[in-house]
Amino acid sequence: MSATTTPRTNVTEREARQVAEAARQQDWHKPSFAKELFLGRFRLDLIHPHPLPDAESVRRGEEFLTKLHAFCETAIDSARIEREARIPDEVVAGLKELGALGMKIDPKYDGLGLTQLYYNKALALVGSVSPAVGALLSAHQSIGVPQPLKMFGTQEQKDAFLPRCARTDISAFLLTEPDVGSDPARLATTAVPEGDDYVLDGVKLWTTNGVVADLLVVMARVPKSEGHKGGITAFVVEAASEGITVEHRNAFMGLRGIENGVTRFHQVRVPAANRIGPEGAGLKIALTTLNTGRLSLPAMCAGAGKWCLKIAREWAAEREQWGKPVALHEAVGSKISFIAATTFALEAVLDLSSQMADEDRNDIRIEAALAKLYGSEMAWLMADELVQIRGGRGYETAESLRARGERPVPAEQILRDLRINRIFEGSTEIMHLLIAREAVDAHLSVAGDLIDPDKSLSDKARAGASAGVFYAKWLPKLVAGPGQLPTAYGEFKHHVDLSGHLRYVERTARKLARSTFYAMSRWQGRMETKQGFLGRIVDIGAELFAMSAACVRAERLRGEGEHGREAYQLADAFCRQARIRVDELFDRLWTNTDDLDRKVVEGVLGGAYTWLEEGVLDPSGEGPWIADATPGPSAHENARRPFGGQDTST
C-alpha cells in the first residue's frame, strides 16, 4: 500500500471533542488558586504564606543535589554530547549508580523518594549542563513507567517494575503516532485481546527514550467486544519483546543527544497483567500523569534562565562599546533586566507549584499547565535575548568560538534546545485550549446545556434556571474587592512596596472574569472557535499567577533573611514588566485581526495567493507529508540501542 493511501481513523470534530472531554479529570475535590483566579477570586490564602518542605525532605534533597552537582561537573561533557549527538553509556551508568533514575520512586522500591520540589531542582541542575540528559531523566520519570504506575498501577505491577525503573531500566512513553498528535480520538495502534494477552499492532512517533528504553508505556485502542469495554488503554511493554522494531532514530535542530525514534509494533504479545488500569482509561491516565509531570519542563526552563542570566551578566560587564560596558547602555540593560526578573518569576512559579504538588492540599492541574506554558514561552524569549546581547558571538557555535581562542559559550545551542519546549507535552496552542477549558469549567457546569445544540428545550430550561442562580451570586462579587483598598496586602510593603502589585492582580482577576463572561454571553456555542481570544485570556491568567508567585516568594525570602531586599526588587521589576504585557493583552481581547486573519487563511488554503509564492525555489525533497503507518511487519533493521549494550528485560 502506498504512503498516500495509508488508512486513517476518521472521526468528526464532535467525536474528537467527546473523547477529549471524557478523558478530562472533571471533578474538583480540592481548591485551586489558578481556577479561582480565572473566576475573579484572588485567593492569596491558598499560596501565602508560601508552603515549605519539611526538614527531612530538605536534608535528603540537598544531600542528593550535592552528589549530583559533583557528577554533572566532572562526568558530563556537554560539548561531546552535542558533537556526537549521543549521551555516552558511562554517563547513564553513572546516573544509575547515583540513583538518579529513581529520584521520584519510593525508597521501598529502591528509589530515592525525593519530593517534586527537589526532583525539579535536580532536573534544572542536570538540564543546565546538558538539556539532552535532562530530557532523558524527565521522560523516564515524569511521563514514563514510574509515574503512571505510582498513581494507577497494581501492587504486583509496582513490585515488578518500579525497582527496575529506580536502578537499571530506562522507560519511555508512547502516545503520538505519525497521523495522531493532540487529537487522540484518531489513535490507530490497536491492542486486540487474545486469551490472557493483548496483541499490539501499530506505529508510534517521537518516542523520547524509545531508542534506548527497556520498558515502555504504550497507549493503544482496544476494540469493543464481548467482555471487553474497549477504548484507549495503557500498557507496560517490555521494549525487547518480539515484534517491536525501532525503525528510525530521529534527529532534531536541538537536543541532539536525545534518543527519540519511530517504533513499530507487529503482533506484539503483552500480558493482560501489564495493563495499567481498566480498558478505556488510557487517556485519563496519561492526562492525570501529566498534571504534575508537566512541571519537569519549567524546571529546565528555570535552569536555562539562570544560565542565561549568568552569561548575560559576565559578557555585558566585559564587553565595552562607546566607552562603557554594554550593560550600561539602556538598549542592552533592559534585556538583562528582563532576563533577571523573569528568571526570578519562573523559579517562583516552579517552586510554588512543586511544593503545592508535594503537599497535595490543592488541585494544581491548572497551575502545572500554566507553569509549563509560561516557562517554555519565557525561557525561549530569554535565550533569544541572550543571543542578541552576545551579538555575532551568540550566533556562532561554541566549537567555533573555542577554535579561534574565545570562551565556548553555547548560546545558539540553548536557543535550539529550548525551542522544543513550546511543543513538548502539549504545544503552546494546545495548552491554551486545555487551560481555557478548565478556566471556563464553572460556567459550562451551570450553563453548558444552554449552548449545546443537542440538548432538549427542557434541558435548556433547567440549565437556564441553574445559570441564573449561579450568576446572581457570582456577578455582583466581580464589581468590587480588596484591590480597590489602598491598605490591602500591606504585609508586602517593605524595602519595596509590592502590595500595589497584588491589588492589581486582585482587580485584574475580576476584570478577567468579567471579560470571560461577556465573551460567553456574546459568542455562546461559538466560544470554542475563538481560539485567539481564549489564548489571550489564558496568557493574562499566566501573568497574574506569575506575579502572585513572585510576590509570595519575595516575602518568603525576606522572612527568611535571605536576599530579601534583592528579591523584592526583582519581584517589583517583574510585576511592572508583566503589568505592561497584561494591559496589552486586554487591549487585544477586543481589538485584533482575528476575523481578518481567518479570511486570509481561507484565501491561502483556497489558492488565492499562490502568486505570492512565485520567485523562489523549494529545497524540500520528495515524499509524503505523513509517513506510512500501515500495520504490518517491519522492513527496517532494529535501531534499538539499550545503554551498556545489555538487555535487562526478563
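Rolling a 1.4 Å probe over the protein heavy atoms of region 566-645, with every protein chain left in place, gives an accessible area that is 56 percent carbon and sulfur. Name the lysines eligible as straight-distance cross-link partners of K473: C-alpha to C-alpha under 17 Å, and not fewer than 8 places from it in the same chain. In chain and number order, the partners are K511.
Neighbours of V582 by Cβ distance under 15 Å: Lys/Arg scored +1, Asp/Glu scored -1, total +3. Averaging the Cα positions of each part gives two centres, and for region 209-280 and region 37-111 these lie 26 Å apart. Classify region 91-165 as rounded, prolate or oblate, taking a ≥ b ≥ c as the square roots of the eigenvalues of its Cα gyration tensor: rounded when a/c is under 1.5, otherwise prolate if a/b is larger than b/c and oblate if not. Prolate. Size of region 252-307 from its Cα atoms: along the principal axes, largest to smallest, the extents are 47, 25, 15 Å.
Rolling a 1.4 Å probe over the heavy atoms of the protein chains gives region 338-449 an accessible area of 33 Å² per residue. In the chain, the calculated helix contribution to ellipticity at 222 nm averages -17000 deg cm²/dmol per residue, counting -39,500 (n - 2.57) for every DSSP H run with n ≥ 4.
For the listed residue pairs K67/K324; K204/K229; K158/K284; K204/K455; K30/K204; K67/K310, the alpha carbons are over 30 angstrom apart in K67/K324; K204/K455; K30/K204. Extent along the principal axes, Cα only, for region 298-363: 55, 17, 11 Å, with the longest axis given first. If you take the Cα centroid of region 365-429 and the Cα centroid of region 119-189, the two points sit 23 Å apart. Phi angles across region 36-53 convert, under the Karplus curve 6.51 cos²θ - 1.76 cosθ + 1.60 with θ = phi - 60°, into 3J(HN,Hα) values of 4, 4, 5, 8, x, 10, 8, 8, 4, 5, 7, 10, 9, x, 4, x, 10, x Hz, Gly and Pro given as x. Partners of K224 within straight-line reach, counting aspartates and glutamates whose Cα lies under 15 Å from its Cα and excluding those fewer than 8 residues away in the same chain: E194, E279. Working value for region 63-219: equivalent-ellipsoid semi-axes of 29, 20, 13 Å, each the square root of 5 times a Cα gyration tensor eigenvalue, largest first.
For the chain, with the dipole built from +1 on Lys and Arg beta-carbon atoms and -1 on Asp and Glu ones, taken about the Cα centre, which of S620, I389, A85 lies farthest toward the positive end? Working it through, the farthest residue towards the positive pole turns out to be I389. Pairwise Cα separations in the chain fall into 20 Å bins from 0 onward with the following percentages, short to long: 17, 50, 30, 2, 0. Summed over the residues of region 95-183 and divided among them, the accessible surface reaches 29 Å² per residue at a probe radius of 1.4 Å. Let me know the shape class of region 560-650, please: from the alpha-carbon gyration tensor, a ≥ b ≥ c as square roots of the eigenvalues, rounded when a/c is under 1.5, otherwise prolate if a/b is greater than b/c, or oblate. Here region 560-650 falls in the oblate category.
Using only alpha-carbon positions, what ratio does the radius of gyration of region 31-84 give when scaled by 2.2 N^0.38 Å? The value comes to 1.98.
The values are calculated or read from the model by the stated rules, or taken from the named source; none is laboratory data. It should be emphasised that the depicted structure is a prediction, and the values quoted were computed from it without experimental measurement. We place every Cβ from the backbone using ideal geometry, glycine too, and count neighbours over all the protein chains shown. Surface areas here come from the heavy atoms of the whole protein model, side chains and all, with no ligands, DNA or RNA. Shrake-Rupley method; radii C 1.70, N 1.55, O 1.52, S 1.80 Å.
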